[in-house]
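The values are calculated or read from the model by the stated rules, or taken from the named source; none is laboratory data. Since this is a predicted model, take the numbers as computed values, not measurements. Note that each Cβ is placed from the backbone with ideal geometry, even for glycine, and that neighbours are counted across all protein chains shown.
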Amino acid sequence: MIAYHPTTIKLHFNHCPHAVALWKMKMPYDRSIFHTGVIAHAVLEEIGKNPADEPRILADKVVELYCSKGRAYDGNPEPPSPLIQAIQGANLALDWHSRYPVPNGLGITHEHPFAFDKEWNEVDYYDPTAKFRTLLDVVEITQEHEPFTDIIYTKAVVRDYKTSWVATHDELDSFQRKCQAVVVWLKYKPDIIILEISNLRLRCNFQREINTNDDEELLQSWLDEIKISIQTLDQELNPNPGIGCIGCPYSQKCDHFDNMYNSDNVMKRYIAAKEIIAKLEPQIRKASKDKPPQSMALGRIGYAKKERKKVLPTAQKTLLSEWKNNDGTIEQLFQQLDLGVRTLEKIAKIIANNRQERDELMDRLTRIEQYSAFGIHKDKKI
């Protein structure tokens, strides 16, 4: 019996049914983009499970192991990690731990495995009857007292470590987050679920609270969404090449992608070319780093030295002083400034006390307008 993960289901949503078919065939694919995150997760897990040990020593052991032996994910061996990415992941984890100490103790588990059979009974993670599996980075189960009452309630905090720059509030509404909420709800029956994104690069947390009593219908709808997704993946999966090929981990192993690249349809060839560039550019950047640009016909490729003007740290003070010396007012100066949305957002963040106030202020400062933008426009990922 095949057990699906949230990431497997997302292959269908974000790419193509055939990607899931290739996954079922255990087709290998390039996982190099995950090395930094994998090491960071492993270090944080070791710190959480071994609170008495020196974090740096634990991190070094993880780097040594993953860079010499590799790891096995769900029983499938993966090659060793590149040393530079492993060190970067370890440093991200140690920096995070220094700011937000990894929790440990009663009710706290790290890399918590969950598995359910087709009837949604909980089973051992590697049970052959498992139909759905997922690993949660950190789960904290606590009994809380409601202030000024005798009411005791159960709270479950589900923490997911992320090393992507773009993992922010929007990630709290993702399919992966729905899966995490559902499995914790089914196993622990908590009153409150806190979904938390811990972005190691941005050094901040993003949270969403779910009251399981008030939001039971929502949780049930998420469970139903997972169920129908699994039923769909059990069917014969026909290929659907197109925009979903961009970013697909199996594009370089897929005959249907090759057919699209060789198609007479210029749009399909354009999509395929964009995906090829997306795969090749990181390799070229890596090969070109710390080296002179490589000469090619009519030019060079690689990192070339260029010049640009950069605003000095003293520019604002100097400009304001010169403006006042010419009898200009602050209001007149503001009229001359070309304020962009990002600048306004930065100022609003300083002025506002919370996210709601910031959003309300931005609504008073900006308006939505329609414009035309050329490119490939993918449907929103889950």
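With respect to residue 2, is the statement that it is buried (at least 22 other Cβ atoms within 10 Å of the Cβ) and touching a Leu at 6+ places or on another chain (Cβ under 9 Å) true? Quick ask: steps written out before the conclusion?
Values: buried (at least 22 other Cβ atoms within 10 Å of the Cβ): no; touching a Leu at 6+ places or on another chain (Cβ under 9 Å): yes.
No.
If we keep just the residues of region 358-376 that are touching a helix residue (DSSP H, G or I) at 6+ places or on another chain (Cβ under 8 Å) and in a loop (DSSP other than H, G, I, E, B), which is nearest to residue 174 (Cα to Cα)? Steps first, answer last, please.
Filtering region 358-376 down to residues touching a helix residue (DSSP H, G or I) at 6+ places or on another chain (Cβ under 8 Å) leaves 358, 361-362, 365-366, 376.
Pick out the ones that are also in a loop (DSSP other than H, G, I, E, B) and you get 366, 376.
Numbers: 366: 27, 376: 22 Å.
Once the filter is applied, the top-ranked residue is 376.
Filter region 39-51 down to the residues that are under 14 Å from residue 163 (Cα atoms) and in contact with a strand residue (DSSP E or B) (Cβ under 7 Å, 6 or more places away or on another chain), then identify the one that is surrounded by the fewest Cβ atoms within 10 Å (Cβ to Cβ). First the steps, then the outcome.
As a first pass, look at region 39-51 and keep what is under 14 Å from residue 163 (Cα atoms): 39-44.
Now restrict to residues that are in contact with a strand residue (DSSP E or B) (Cβ under 7 Å, 6 or more places away or on another chain): 40-41, 44.
Working: 40: 27, 41: 23, 44: 30.
Of everything passing the filter in region 39-51, 41 is surrounded by the fewest Cβ atoms within 10 Å (Cβ to Cβ).
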With the requirement that a residue be without any contact (Cβ under 8 Å) to a residue 24 or more places away in the chain and either under 28 Å from residue 1 (Cα atoms) or outside the structural domain of residue 176 (by TED's automatic domain parsing) (or both), what does region 124-150 give you? 124, 125, 127
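Residue by residue, here is whether (1) in contact with a Pro (Cβ under 9 Å, 6 or more places away or on another chain); (2) outside the structural domain of residue 128 (by TED's automatic domain parsing); (3) in a loop (DSSP other than H, G, I, E, B) holds:
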| position | (1), (2), (3) |
| --- | --- |
| 29 | yes, yes, yes |
| 41 | no, yes, no |
| 77 | no, yes, no |
| 89 | no, yes, no |
| 109 | no, no, no |
Which ones in region 126-161 are touching a Lys or Arg at 6+ places or on another chain (Cβ under 6 Å), within 29 Å of residue 50 (Cα to Cα) and either acidic (Asp, Glu) or assigned to a loop (DSSP other than H, G, I, E, B) (or both)? 137, 144
I'm trying to understand the selection: among the residues of region 13-34, which are surrounded by fewer than 22 Cβ atoms within 10 Å (Cβ to Cβ) and either on the phi > 0 side of the Ramachandran plot or within 18 Å of the chain's Cα centre (by Cα) (or both)? 13, 14, 26, 30, 31, 32, 33, 34
Answer with yes or no whether residue 121 is at pLDDT 95 or above, surrounded by fewer than 18 Cβ atoms within 10 Å (Cβ to Cβ) and farther than 17 Å from residue 6 by Cα. yes
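Give, as residue ranges, the helices (runs of 4 or more DSSP H) completely inside region 277-357 that count at least 3 residues that are touching a helix residue (DSSP H, G or I) at 6+ places or on another chain (Cβ under 7 Å), surrounded by 10 or more Cβ atoms within 10 Å (Cβ to Cβ) and on the phi < 0 side of the Ramachandran plot.
Values: elements: 315-325, 330-336, 341-351.
Qualifying helices (runs of 4 or more DSSP H): 341-351.
Would you tally the residues in region 91-103 being part of a loop (DSSP other than H, G, I, E, B) and either crowded, with 16+ Cβ neighbours inside 10 Å or touching an Asp or Glu at 6+ places or on another chain (Cβ under 8 Å) (or both)?
Kept after step one, since they are part of a loop (DSSP other than H, G, I, E, B), are these residues of region 91-103: 100-103.
The next check asks that each one be either crowded, with 16+ Cβ neighbours inside 10 Å or touching an Asp or Glu at 6+ places or on another chain (Cβ under 8 Å) (or both); those that pass are 102-103.
The qualifying residues number 2.
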Subset tally (residues that are more than 27 Å from residue 132 (Cβ to Cβ) and either aromatic (Phe, Trp, Tyr) or surrounded by 14 or more Cβ atoms within 10 Å (Cβ to Cβ) (or both)) for region 231-275: 17
Only unsatisfied item for residue 81, checking (1) surrounded by fewer than 19 Cβ atoms within 10 Å (Cβ to Cβ); (2) in contact with a Cys (Cβ under 8 Å, 6 or more places away or on another chain), is (1)
May I ask you to say which residue of 200, 195, 219, 172 is farther than 22 Å from residue 38 by Cα, among the hydrophobic types (A, V, I, L, M, F, W, C) and surrounded by 15 or more Cβ atoms within 10 Å (Cβ to Cβ)? 219
